[in-house]
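Structure record follows, encoded as structure tokens.
The values are calculated or read from the model by the stated rules, or taken from the named source; none is laboratory data. Please read all numbers here as calculations on a predicted model, not as lab measurements. Neighbour counts are summed over all protein chains in view; Cβ atoms, including those assigned to glycine, are modelled from backbone coordinates with ideal geometry. The protein model used for the area step is the full one, side chains on, heavy atoms only, and it has no ligands, DNA or RNA in it. Shrake-Rupley method; radii C 1.70, N 1.55, O 1.52, S 1.80 Å.
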Amino acid sequence: MMLFHEEELLLSVKNGDANAFASLYEKYRPQLLTEAYHKVRNQHEAEDMVQEIFTSLWQRRRQLTITISLKHYLFRAVHLQYAYKCRRNEVARKFVTHTYYTATDAALPQNLENKELGQQIRQAATYVSAPACRKVFELLYLQDWSHKEIAQDLKIQPQVVKNQASRALKVIRTRLREVV
């Protein structure tokens, strides 16, 4: 059951009171950020998750019906956001794998070698511990995006894209040397 103060705050938010929303944001953001960080182990991704939760809360404020404590509701939102992120990453991984292996001329010996090399590269990419580096690598080399497209999509500078790709390549090269 929600506390009386939470009910008033939530009612004010439902009525479009930006100050009430700011109070809610300031009160719960640090706790949610800690919870999100424990799940993803990446500060930037945790901040994105929490921002997404509060953005959604504000956009859906008029339709919200919360019957549990607001804190519990928001922590549940972190868990659901994390589950959604995991599902989305798994779907993307399966798509890349599927499209790579369904090439029309896959029976040619050269393509078989390319498949094996591609598989080794994907396996080596799993050893890139920083999710941002791994994402930049996948977009740049596996999905053939440009540095500029990646920078715009991730809202970072092109130089950061180059740095992240370089870090990922160092890990992948080291891992591939171990395999050979």
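The table that follows gives values for the structure above.
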quantity	calculated
Scan of segment 122-140 for residues that are in a helix (DSSP H, G or I) and crowded, with 16+ Cβ neighbours inside 10 Å, ordered by number	Arg122, Ala124, Ala125, Ala132, Cys133, Arg134, Lys135, Val136, Phe137, Glu138, Leu139, Leu140
Failed condition for Ala36, given (1) open to solvent by less than 30 Å² (accessible area, probe 1.4 Å); (2) under 30 Å from Leu154 (Cβ atoms); (3) in contact (Cβ under 8 Å) with a residue 60 or more places away in the chain	(3)
Any hit, segment 10-19, residues being open to solvent by less than 60 Å² (accessible area, probe 1.4 Å), in a helix (DSSP H, G or I), within 20 Å of Leu80 (Cβ to Cβ) and of a type outside the set (A, V, I, L, M)	no
Which numbered condition Gln59 fails, given (1) in contact with a Leu (Cβ under 8 Å, 6 or more places away or on another chain); (2) surrounded by fewer than 15 Cβ atoms within 10 Å (Cβ to Cβ)	(1)
Matching residues, segment 141-154, being within 13 Å of the chain's Cα centre (by Cα) and open to solvent by 60 Å² or more (accessible area, probe 1.4 Å)	Asp153
Residue that is out of contact with any helix residue (DSSP H, G or I) (no Cβ under 8 Å at 6 or more places or on another chain), at pLDDT below 90, farther than 30 Å from Arg173 by Cα and surrounded by 12 or more Cβ atoms within 10 Å (Cβ to Cβ), where the choices are Tyr84, Tyr73	Tyr84
